[in-house]
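Take a look at the structure set out below.
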Amino acid sequence: KKNNFIPFFYETLGQAKTEVYFENQYFIPSGSAISVLNSLMKNNVHVHFLTNSLVSQDESNPGILTHDEIRNYQKLHPDQFHAYAFRGQNLKGIVGALWWDATAQNIENTWQIHAKAVVIDEKSSWIGSNNFDNRSEDFNPEMAIFIPNNEIFAKQLKRSILNNIRNADKMEIDSEYWRRYEEKVKGVTALEKVKSSAWGFLLKMTQPFW
């Protein structure tokens, strides 16, 4: 803890002027991370976050939490927070994998996102072992390398991330991706939402009588 790099990690992120690109397995931001992200949004910095889709994610619980956190954050910052779900290869049959048959496969790519990389303004970069989550921040022993003011390396790393983004689905709020997420993971269809809302309204209206 004495030599924890996380505070410096957030300090460098907070200095971004135009854009930040992330490639990371999880998006489960801590209070410190949310504070930095909100500051970036306030300063009109665009954040691009590439993570695993329900096909390439082999960890169910943090995968679902990552998706829920991304969607909540998109609702707060729809114009500045851009998330992408890497298609990878179908993990059907692997215990815990969140897959569905209709998602495209690409056998020429790695099967999931496992890198932990950040590019800041095409100038500085981070590569390390830490996921973007509170477990990496507070519990796990992690390490990372900061490469400041090296545009050649930063642009190469960004190109690598963009190459994976080309094989990803953009996770826009009103997209088909989120509808399928509700149906496959949450088990929620449009009809079930209506029934749930109607039942909730009925309970609320009759509450004085029971």
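The values are calculated or read from the model by the stated rules, or taken from the named source; none is laboratory data. From a predicted model like this one, the values you see are computed outputs, not experimental measurements. Note that we place each Cβ from the backbone using ideal geometry, even for glycine, and neighbour counts take in every protein chain shown. Each accessible area value is taken on the protein alone, full model and side chains, heavy atoms only, with ligands, DNA and RNA left out. Shrake-Rupley method; radii C 1.70, N 1.55, O 1.52, S 1.80 Å.
Brief remarks on what is shown
- As for segment 17-25, it holds at least one residue that is in contact with a strand residue (DSSP E or B) (Cβ under 9 Å, 6 or more places away or on another chain) and either surrounded by fewer than 13 Cβ atoms within 10 Å (Cβ to Cβ) or farther than 15 Å from Ala117 by Cβ (or both).
- Residue match in segment 85-100 (condition: at pLDDT 90 or above, crowded, with 21+ Cβ neighbours inside 10 Å and either touching a strand residue (DSSP E or B) at 6+ places or on another chain (Cβ under 7 Å) or not hydrophobic (A, V, I, L, M, F, W, C) (or both)): yes
- Tallying residues that are in a helix (DSSP H, G or I) and surrounded by 11 or more Cβ atoms within 10 Å (Cβ to Cβ) within segment 164-177 yields 3.
- Meets criteria (more than 14 Å from the chain's Cα centre (by Cα) and modelled with pLDDT of 85 or more) for Ser30: no
- For Glu122, the requirement of being within 19 Å of Phe9 (Cα to Cα), open to solvent by 30 Å² or more (accessible area, probe 1.4 Å), modelled with pLDDT of 90 or more and among the acidic types (Asp, Glu) is met.
- Once segment 136-176 is narrowed to residues that are of a type in the set (Lys, Arg) and in contact (Cβ under 8 Å) with a residue 12 or more places away in the chain, the residue that is nearest to Phe81 (Cα to Cα) is Lys170.
- Residues in segment 50-76 that are free of Cβ contacts under 8 Å to residues at least 40 places away in the same chain and not in a helix (DSSP H, G or I): Glu59 only.
- Within segment 23-49, being part of a helix (DSSP H, G or I) and over 19 Å from Phe8 (Cα atoms) holds for Met41, Lys42.
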